[in-house]
Every structure is written in C-alpha cells, then in structure tokens.
Amino acid sequence: MGTSLDHADANADADAAAAEFHEFFEAHYAELARLAHLLTGEADAADDLAADALLALWHRWDRVRDADHPVAYARGVVANMARTRIRSAVRERRRIALFWAPRGSGEAVDDPDVPAVVDVQGALRRLPFRKRACVVLRHAFDLSERDTSLVLGISVGTVKSQTSRAVAELQRLLGPQTSATHIQAAVAAQPSGGDR
C-alpha cells in the first residue's frame, strides 16, 4: 500500500515541477531570447540559445527552483552559452581567415564581419564579451549592478568598471558626438530577435 502512495506522491511532485517550469518558461522565454540576441548579435540564434538554456534548466529544475534568484540563474546560463557560441564563431572565422590568407604575403587579413557603417548592434558585437554582457544587462534589461553581478558571477565593482569601459568604448566606436545617455537609450531599444 505504501508503494502506491509513494508512486502517487512522486507523480504529483513531477506534475507540480512540470507546471512550475512551464510557468517559468512562459514568463521568461522572450526575455532570455532577447538577452541571447543582444549578447551574440545573431537574431537567428537567439531562439535556439534560449531554448537550449531552458532545456538545460529543465534538466536541473530542482536546483534552479531552489535557487535564491532563478531568473538570474537562467540569465547566467544564457550568458555562458552565448560566450561559448561567440568563442566558437571567433575560432571558426580565424580558421577561415588563415585558410584564405595569401601565402607568404605577410599581410593582415581584415575581419570580414566588420561593418562599413558602425551601428549600435555592430558596436556591441565589437565589445569583449564581459563588457557587452554588462552593458546589455544594465541598460537593455535595466538590471541593478548587484543583479548583473549575480547573472555573470562577478563582483559589483567589476560590473561598474566593465559597464563604464563598455560605454566609453561604444562612444569611441559610434563617434564622439554620441553621449553616454544616447548609448544607454540605444542599447535599451535594441530589438530582441526572439520575440514571438
């Protein structure tokens, strides 16, 4: 008799976990896809990265739902997956550039992805990952410095310095006439690519 009750309790727990995850998915999928898009600069990959992150979260759902900040945990998973994707893409571009480089010329090969006209998305893509992540989380997602530090697993001081440096670098890339306020507003207004 106890075995059937234990089995029924396990099914009820599984159903409750599935319902909680479904609610979490519905509430945060679009936000996670937008984060992936802004971090990678690839609208097409945003949905895939968000879905992959949510699948990883489902596999660890007991740990995620017990976390102090489940949404920060989810953002951290997306940020880590985006970092891995960016690193893979950079390695692939380098291999392609080396393959097509003239042999023995000693000339540097220009990065084929550098846009002729630098816009906010293009400028974001040119930032190192941590700076990009800080400025995106702070200004596109309006997270506090503390929440950004939780997502990225870095100190609040590092968030402050990386965000400040990122804004300065964006000003340099976008031109001296671009104010920090304009950059913050432009980053916040970036489309998600993952909206449904």
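For the stretch 24-74, the relative contact order comes to 31 percent (Cα pairs under 8 Å, sequence separation of at least 6).
Grab the beta carbon distance between Thr181 and Ala16, set R0 = 45 Å, and tell me the FRET efficiency rounded to 0.05. After rounding, the FRET efficiency stands at 0.45. Between Phe25 and Asp66, the contour length at 0.36 nm per residue exceeds the Cα-Cα span by 13.2 nm. Site pair Trp58 and Arg165 shows an inter-label distance of 3.8 nm when each label is modelled 7 Å from Cα along Cα→Cβ.
Where a number appears in this text, it was derived from the coordinates with a stated rule and is not lab data. From a predicted model like this one, the values you see are computed outputs, not experimental measurements. So basically every Cβ, Gly included, is an ideal-geometry build from the backbone, and we count neighbours across all protein chains shown.
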